[in-house]
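The values are calculated or read from the model by the stated rules, or taken from the named source; none is laboratory data. As the structure is a prediction and not an experimental result, all values here were calculated from the model. Methodologically, a virtual Cβ is constructed for each residue, glycine included, from the backbone with ideal geometry; neighbour enumeration extends over all protein chains shown. The area values use the complete protein model at the heavy-atom level, side chains included, leaving out ligands, DNA and RNA. Shrake-Rupley method; radii C 1.70, N 1.55, O 1.52, S 1.80 Å.
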Amino acid sequence: MSIDTDTARRIAGLARIRVEEADLPGLAGELSQILGWVEQLQAVDVSGVEPMTSVTPMALPMREDTVTSGDMRDKVMANAPDAREGFFAVPKVVE
Amino acid sequence: MSELATLTLAEAREKLRAGETTARALTEACLAAIEGAAALNAFVRVDPERALAAADAADARRAAGEDGPVLGLPIGIKDVYCTEGLGTQSASRILEDFVPPYESTVTMKLREAGAVALGKCNMDEFAMGSTTEHSVYGATVSPWRRAGDTAPLTAGGSSGGSAAAVAADLCLAALGSDTGGSIRQPAAFTGTVGIKPTYGRCSRWGMVAYASSLDQAGPMTKTVRDAAILLGAIAGHDPKDSTSAPREVPDFEAALKGDMRGRRIGLPKEYGADLPDEIAALWDRGAEMLRDAGAEVVEISLPNTPHALPAYYIIATAEASSNLARYDGVRYGRRASLGQGDGIVDLYEKSRAEGFGREVQRRVMIGAYVLSAGYYDAYYLRAQKIRSLVRADFEAAFGQVDAILTPVTPSAAFPLGEMEGDPVKMYLQDVFSVTLNLAGLPGISVPVGLSGEGLPLGLQLIGRPWGEAELLDTAFALERAAGFGHKPESWWR
């Protein structure tokens, strides 16, 4: 599996990580190396095998549908890089 | 240096019970040892005032007639655990200045039981790595050196800070976490004991997430007995983690008998492929020790072993890309400074580019790719099927044997920088350890011997799901037979 520069750019975009143009060929090479290594799995016969979705087989527990936590706005916002008047501040989202 | 920091949990507990020492004296000894070990970079954040206050509180509880397995014992905490009011970064720049407003369940259990949290131990960023070099705090240096050589070695990873701290007697024990070998490999590299419990044995609540279906908390200690003590203190059901199991926690320490008669131990033949002579010889010796202790040792087969590591890297990176989506520069942590006209996507992309280290970026991108439209079936779904095959291998094996003995790592510790620029080579460090995380099984690393260069080597024992008590007992027998007892020379003081 060889990743070209365009694909590397697209993957970085999916991951929401800014990668400068000059760094894309190097990134493409690294991703190709890793994906080339996992490619060996394509040779494994998995016909009829169910995907594993629960690590230790157990039913997920149910609980009462009630509020168990909350009312701690200031605690929640205490670590925000930019919080104002009880809101998280971000750049303009809607034009 | 005071001898107190060199004690095991069990020894310190006896001295506390006998009134021969105090939690304050133990804590002061550890704080002094930490202060003298800056060269190791094992502890990255220490709060002496808070630790001493906890020690005094423990002494007061003891004076009032209370006792408990970890009451008054000073312990190091991997930086992956949220500690209320004490900075927690999972060794990442993106969590710069993050001070958790809450405490993780396992550290809360320790706090309530009267253990003393000394501070935070170094690790690979978000627990992604096998060397503790990928850390915003800089690399941890192992207290161990090759005979006649001063080159700095890795303490392993990702719990390398915890391992180095225990090996160098900076604390009596430490908490690590294990997603693909992050407790067991550093334990093997530093001559310490590390156990990854069954998935669901300990709560993951308040642990900074890497790969949620693989992550588990666990102890890193000087002895198997200490591992039993500390595991008992952190295990148990937690309603705040829906994958933690509502099961009774057995008395792990009471299970340590070391009588292997009637026990069957399996050696998976697939683990012998391409094994260096030194590791193969160690494995033979370990098998011999268990045989001498009364166990029957048989060859078994885990045929899907070769597929486990690549499947692990697909599953772990996929889960990481989804877990780490929360670091957006908005709610907590580092935010990049923006240029004129930059929008919300620029905010995300620039903050993540600045905040994540290279290895984390790589894994998040691989994860995003294997989950993306058109590739999901070929990568992620296929890896989940292979995960079923790996678990089925173990289920079949545990029909024939009670425990499985394997190497932990393909080599002894290596110099820092050696894996730089070759991610796949670093990933291969985990070849013997990831299979357990995929299958959710408990595993323990026990120091068994020294390499030709004078470095510790460990062996791994794998147990049945929820079989930690029996597993610790087998490890106890192996530890006793191996009689490791080596310590690094204290060059760092």
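Remarks
- Dipole of the stretch B:1-142, positive end: most advanced residue of B:38, B:86, B:55 [Cβ charges, Cα centre]: B:55
- When you filter the GluC sites (Glu not before Pro) in the stretch B:193-299 for DSSP loop state and at most 14 other Cβ atoms inside 10 Å of their Cβ, you are left with B:248.
- The calculated FRET efficiency for the pair residue A:84 and residue B:49, based on their C-beta separation and a Förster distance of 30 Å, comes to about 0.35.
- Taking the stretch B:401-441 and a reference point 7 angstrom along Cα→Cβ of residue B:269, no backbone N atom is nearer than 13 Å.
- Share of carbon and sulfur in the accessible area of chain B stands at 49%, probe radius 1.4 Å.
- Two-decimal Rg to Rh for chain B - Kirkwood Rh, Cα set: 0.95
- Selection from A:89, A:15, A:2, by position along the positive dipole direction of chain A (Cβ): A:89
- Using only the C-alpha atoms, the convex hull of the protein assembly as shown corresponds to 165 Å³ per residue.
- Neighbours of residue B:22, meaning other residues whose beta-carbon lies under 10 angstrom from its beta-carbon, give a summed charge of -1 when Lys and Arg score +1 and Asp and Glu score -1.
- Exercise: per-residue mean of other protein chain Cβ atoms within 10 Å, B:113-123: 0
- Dipole magnitude for chain A: about 300 debye, using +1 per Lys or Arg Cβ and -1 per Asp or Glu Cβ, origin at the Cα centre.
- Measuring r between the beta carbons of residue B:251 and residue B:372 and using R0 = 60 Å, the FRET efficiency lands at 0.80.
- Across peptide B:347-356, the average count of Cβ atoms from other chains found within 10 Å of a residue's Cβ is 4.
- Most fluctuating residue given options A:78, A:59, A:28, as computed from a GNM of chain A linking Cα atoms under 10 Å: A:78
- Cα→Cβ-extended label distance, 7 Å offset, between residue B:424 and residue A:2, nm: 1.5
- Convex hull volume of the Cα atoms of the stretch B:390-493, normalised per residue: 136 Å³.
- Taking a straight line from the alpha carbon of residue B:487, these lysines sit under 27 Å away, with near neighbours fewer than eight places off in the same chain left out: B:15, B:78, B:120, B:196, B:222, B:257.
- Put the Cα centre of the stretch B:449-493 next to the Cα centre of the stretch B:252-282 and the gap is 11 Å.
- Solvent-accessible area of residue B:422 with every protein chain in place, 1.4 Å probe, in Å² to the nearest 10: 50
- Rounded to the nearest 20 debye, dipole of chain B from Cβ charges on Lys, Arg, Asp, Glu: 560
- Radius of gyration over Kirkwood radius for chain A, both on Cα atoms: the Rg/Rh ratio is 1.16.
- Lys/Arg +1, Asp/Glu -1 at C-beta; the protein assembly as shown dipole; positive extreme among B:289, B:23, B:164: B:23
- Modelled this way, with points 7 Å down the Cα-to-C-beta line, the labels at residue B:39 and residue A:47 are 6.2 nm from one another.
- Residues B:380, B:199, sorted by accessible area with the largest first, give B:380, B:199 [1.4 Å probe; ligands and nucleic acids excluded].
- Around the Cα centre of the protein assembly as shown, unit charges on the Cβ atoms of Lys, Arg, Asp and Glu (plus for the first two, minus for the last two) sum to a dipole of about 540 debye.
- Highest mobility in the GNM of chain A, judged by mean-square fluctuation with C-alpha springs under 10 Å and restricted to A:69, A:47, A:32, is found for A:69.
- Environment charge of residue B:448, counting only residues whose C-beta is closer than 9 Å and scoring Lys/Arg +1, Asp/Glu -1: 0
- Fraction of alpha-carbon pairs over 17 Å apart in the stretch B:306-384 - percent: 51
- Peptide A:28-34 has a mean shielding of 4, counted as Cβ atoms of other protein chains within 10 Å of each residue's Cβ.
- Of the residues B:491, B:144, the one with the largest accessible area comes first in the ranking B:491, B:144, computed with a 1.4 Å probe on protein heavy atoms.
- Over 27 Å [Cα-Cα, the stretch B:169-292], rounded percent: 28
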